[in-house]
Amino acid sequence: MKRARIIYNPTAGRELVKRELVDILQVYEKAGYETSAFATTPELNSAQNEAKRAALAGFDLIVAAGGDGTINEVVNGLAPLKRRPKLAIIPAGTTNDYARALRIPREDPLEAAEVILKHKTIKMDIGKAGNTYFANIAAGGLLTELTYSVPSKLKTLYGYFAYLAKGAELIPQIRPIDMSIEYDGGKYEGKASMFFLALTNSVGGFEQIVPDARLDDGKFTLLIVKAAGIADLLQIGAEILNGGKHVDDPRVIYKKTKKVIAKPLTNDRLMINLDGEYGGDAPMEFINLKQHIEVVANVDDIPDDALTSHQEKKIREYEEKFIAESENIDQ
């Protein structure tokens, strides 16, 4: 029988996963997995270490139940391994960007667990930053330091509103940093208030920041915001909300790339944010690992243009239809 290990954060999402754990275990048993659970502890890299241990012990499925931070740790436990079990997600955090991109229910842990019963997966890209991995986003610049400034207790109590409140407080402090960003076919050197690399179309709860992101094409979406004034940032924010029009704004660089090298050009510190947590300081190299981890997803609800596998399937179907019609004409 296949085995699943649920790695859950007992304090995430007002302890919803913890309260429904027995029912969640039964869902994975119904899907054909002998299932056990592990509650993360305050110990450093608790979820990461357990994910690695379970993978090496031969488990077939690892379930990350918690916020984006828990998912990041589990990915870091699995990504370096030669044999990587499948990954499932039960969101229980603040923004749950990864679950949003995979169309996994974000309000009900039990409903999220039941996605496994559809038996559908995606081979997802992940990023590597130095010796660390990330599942959704890497970023740098003073705008990105907002995440570190919001206490965990506020995130739990007030969710995304905690970020908005802190963002309003920090806007007057934002200033550009002289940085060098090297990407496939180009390089930017100059002042920027932030840059980020996205693996999905969901960033901070918004789906229009990288509207054309694909989950499995082996490329990051790179966005560099050159503007730093409050008025400029508010205008770009309005363009994002107005159908993703920021991608054509001259104050923004928007590119697809497999690799990025970021470094500061002065003595300014360029802190790197990986999936919402501090991931070290630049200089740093980022590499896209194409289709590196197989993830349980609500595949039928994901738009076709978000998956190269869907696009390739459509092309094959079209080619087969064209060949069949050609053969009928010849006859």
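The values are calculated or read from the model by the stated rules, or taken from the named source; none is laboratory data. On a predicted model such as this, the values are computed, not experimentally measured, just so you know. Note: ideal-geometry Cβ built from the backbone for every residue, glycine included; neighbour counts use all protein chains shown. SASA here: full protein model, heavy atoms, side chains in, ligands and nucleic acids out. Shrake-Rupley method; radii C 1.70, N 1.55, O 1.52, S 1.80 Å.
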Query raised in the report: Got at least one residue in segment 232-252 being among the β-branched types (Val, Ile, Thr), touching a residue at least 24 places away in the same chain (Cβ under 8 Å), outside any loop (DSSP other than H, G, I, E, B) and over 23 Å from Asn96 (Cα atoms)?
Result: yes
**Report entry** Which listed residue, of Asp281, Asp268, is at pLDDT 85 or above, surrounded by fewer than 16 Cβ atoms within 10 Å (Cβ to Cβ) and either β-branched (Val, Ile, Thr) or over 22 Å from the mean Cα position of the chain (by Cα) (or both)
**Finding:** Asp268
Query raised in the report: Out of all the residues in segment 118-130, which are out of contact with any helix residue (DSSP H, G or I) (no Cβ under 7 Å at 6 or more places or on another chain) and modelled with pLDDT of 95 or more?
Result: Lys118, His119, Thr121, Lys123, Met124, Asp125, Gly127, Lys128, Ala129
Report summary line: For helices (runs of 4 or more DSSP H) lying entirely in segment 1-104, having 3 or more residues that are touching a residue at least 24 places away in the same chain (Cβ under 8 Å) and either open to solvent by less than 60 Å² (accessible area, probe 1.4 Å) or of a type in the set (D, E, K, R) (or both) picks out 21-30, 46-56, 68-78, 97-101
Query raised in the report: Got a number for residues in segment 269-301 being of a type outside the set (A, V, I, L, M, F, W, C) and under 21 Å from Thr70 (Cα atoms)?
Result: 12
Query raised in the report: Among the residues of segment 5-34, which ones are under 22 Å from the mean Cα position of the chain (by Cα) and closer than 17 Å to Phe59 by Cα?
Result: Arg5, Ile6, Ile7, Tyr8
